[in-house]
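Here's the structure we're looking at; comments come further down.
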Amino acid sequence: MSHVHKNSCRVCKGMDLTRILSLGEHPPVDNFIDVEHINDEKRYPLDVYFCGTCNLVQLLDVVAEEKLFHGDYAYFSSASKPLVDHFRSYADDLQKENLTEGDLVVDIGSNDGILLQNFLEKYHVLGIEPSGNVAEAARKKGIETTDGFFTVEMAKKIVETHGKAKVVSANNVFAHIDNLDEIVRGVQELLTDDGVFVSESHYLLDLVEKLEFDTVYHEHLCYYSVKPLQRLFERFDMEVSDVRRVDVHGGSIRVYARKKSGAVALSVQELLTLEANAGLHTLERFDSFQKDVEAVRDTLVTLVRRFRAEGKVVTAYGAPAKGNTLLNFCEFTADDLKYVTDTTSYKIGLLTPGSHIPVVSPDILRTETPDYILLLAWNYRDFILEKEKELRERGAQFIIPIPNVEIV
Ligand code: TYD
Ligand code: ZN
């Protein structure tokens with residue numbers, strides 16, 4: 001089966017599920033393709049639902065793992081300088097607040113070791129990474145890395161070979177998991193009694209307030225807020241003990257969960273109140289969501305098509321996963337956007353999924369000056385605008401799609 005439609009909530013198993021956003025049918029965002037395979041491309045529904053019982057916002061259409069990525073998954077977190085800096089400060093926080101020398105830190109979905117590399121000196125570290133070539137990159141840095149997906153069984157094996165972990169982390173993967181129960185059970189097995197499970201995911205409040213509709217794609221199964229997470233951990237005799245908003249990927253939350261002890265930071269109630277005031281725990285908040293998202297799309301499409309009608313050259317910058325949701329929802333093609341530049345070597349030479357726009361090396365921008373460049377990697381806005389100063393001085397202007405459509 002390449003795709004299933006669930007009819008119960010991932011957190012509370014309830015069936016009071018209402019569709020709050022439909023983006024149409026999209027190919028998986030990481031499936032960059034070559035010309036010969038255009039006709040093989042498959043699309044799956046990209047619809048977002050709200051659970052009336054626990055208020056988890058989620059996708060119910062689950063695309064099989066092997067359809068989400070073809071070939072080797074070649075996303076190396078450390079290729080992004082701002083992310084490297086982010087994980088360094090994240091590691092500093094964990095070190096100060098949760099660790100003593102010699103403790104074991106396990107990272108689920110450890111990628112190329114972007115978090116764990118910061119713990120090598122004083123702690124034992126273990127990464128878990130299903131993508132072989134990415135895991136290999138971590139091993140080259142001296143980070144012990146286990147291949148595969150995290151399960152209860154894997155957790156038990158780790159306890160046998162490495163002992164229990166003081167910190168288990170899962171960043172930008174916890175929202176990708178269909179079977180949350182398995183992960184939380186595994187985490188329970190693996191953690192010391194005073195240990196902490198910490199995860200960062202994009203935050204629903206940012207998504208809703210900034211209309212970050214492009215962060216919706218098949219890999220992102222959950223759009224977390226604090227309330228349903230409390231419910232999830234409660235089911236396993238754990239509790240959300242601390243939460244923090246962090247400024248990555250357009251706005252994320254870092255959630256700390258522990259075995260129940262009653263020591264809950266004030267921040268938990270603070271964010272819950274903020275969510276409640278923003279209406280995130282009611283279906284009504286999402287009444288105009290579809291219309292609001294479509295308004296952003298219409299503004300962008302009108303702008304780009306107007307520039308094209310004036311004979312201007314428009315291109316795009318960065319081919320992140322979310323960029324493909326945006327391109328496909330806007331139904332942009334190579335007639336609208338001449339090419340997309342991206343620094344990732346495996347994407348270069350391929351076409352963007354669905355929209356079929358050629359991905360080229362950013363070197364082209366050293367000689368060509370597009371009139372307008374749509375910034376798909378808008379989460380790195382400041383970094384990129386600074387990096388491309390010279391290009392802007394030559395006359396290229398950036399179109400920023402989110403949080404507000406603007407030209408800079
Ligand atoms: P990112 O937001 O890190 O990940 P995801 O694909 O999960 O959304 O992706 C950023 C993309 O933008 C990545 O393909 C690399 C590209 N990029 C550039 O081309 N130039 C840059 O200066 C930066 C920061 C990113
Ligand atoms: Zn629910």
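The values are calculated or read from the model by the stated rules, or taken from the named source; none is laboratory data. Since the structure is predicted, the reported quantities are computational estimates derived from the model, not experimental observations. Cβ sites come from the backbone with ideal geometry, for glycine too, and all protein chains shown count toward neighbours. Surface areas here come from the heavy atoms of the whole protein model, side chains and all, with no ligands, DNA or RNA. Shrake-Rupley method; radii C 1.70, N 1.55, O 1.52, S 1.80 Å.
So the values come out like this:
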{"item": "Which numbered condition Phe50 fails, given (1) open to solvent by less than 20 Å² (accessible area, probe 1.4 Å); (2) closer than 30 Å to Glu160 by Cβ; (3) not in a loop (DSSP other than H, G, I, E, B)", "result": "(2)"}
{"item": "Hey, Asp336 over 23 Å from the mean Cα position of the chain (by Cα), under 24 Å from Leu211 (Cβ atoms) and more than 16 Å from ligand 1 (Cβ to nearest atom) or not", "result": "yes"}
{"item": "Unmet requirement for Phe119, which otherwise passes all of (1) within 24 Å of Leu207 (Cβ to Cβ); (2) without any contact (Cβ under 8 Å) to a residue 40 or more places away in the chain", "result": "(1)"}
{"item": "Close pairs from the stretch 363-377: first closer than 9 Å to Leu391 by Cβ, partner in a loop (DSSP other than H, G, I, E, B) and open to solvent by 60 Å² or more (accessible area, probe 1.4 Å), Cβ under 6 Å, at least 6 apart", "result": "Thr369/Arg394"}
{"item": "Residue pairs meeting the criteria (Cβ under 8 Å; at least 6 apart or on separate chains; first more than 17 Å from Val105 (Cα to Cα) and open to solvent by 30 Å² or more (accessible area, probe 1.4 Å), in the stretch 162-185; second assigned to a helix (DSSP H, G or I) and of a type in the set (Asp, Glu))", "result": "none"}
{"item": "Condition met for Val35 (assigned by TED's automatic domain parsing to the domain that holds Asn133, of a type in the set (Val, Ile, Thr) and open to solvent by 10 Å² or more (accessible area, probe 1.4 Å))", "result": "no"}
{"item": "Selected residue (criterion: farthest from the chain's Cα centre (by Cα)) from residues of the stretch 1-27 that are exposed (fewer than 13 other Cβ atoms within 10 Å of the Cβ) and over 13 Å from Asp61 (Cα atoms)", "result": "Met15"}
{"item": "Check on Ala295, surrounded by fewer than 14 Cβ atoms within 10 Å (Cβ to Cβ) and either more than 16 Å from ligand 2 (Cβ to nearest atom) or assigned by TED's automatic domain parsing to the domain that holds Leu211 (or both)", "result": "yes"}
{"item": "Flag for Tyr317 being open to solvent by less than 20 Å² (accessible area, probe 1.4 Å), in contact with a strand residue (DSSP E or B) (Cβ under 7 Å, 6 or more places away or on another chain), farther than 24 Å from Tyr44 by Cβ and not polar (S, T, N, Q)", "result": "yes"}
{"item": "Residues of the stretch 192-231 satisfying the condition of being away from ligand 2 (no atom under 16 Å from the Cβ), assigned to a strand (DSSP E or B) and of a type outside the set (D, E, K, R)", "result": "Thr192, Gly195, Val196, Phe197, Val198, Ser199, Ser201, His202, Tyr203"}
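Let's see how each residue does on (1) of a type in the set (A, V, I, L, M, F, W, C); (2) within 16 Å of ligand 1 (Cβ to nearest atom):
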| site | (1), (2) |
| --- | --- |
| Phe76 | yes, yes |
| Asp92 | no, no |
| Lys96 | no, no |
| Val106 | yes, no |
| Val134 | yes, yes |
| Gly142 | no, no |
| Ala155 | yes, no |
| Lys166 | no, no |
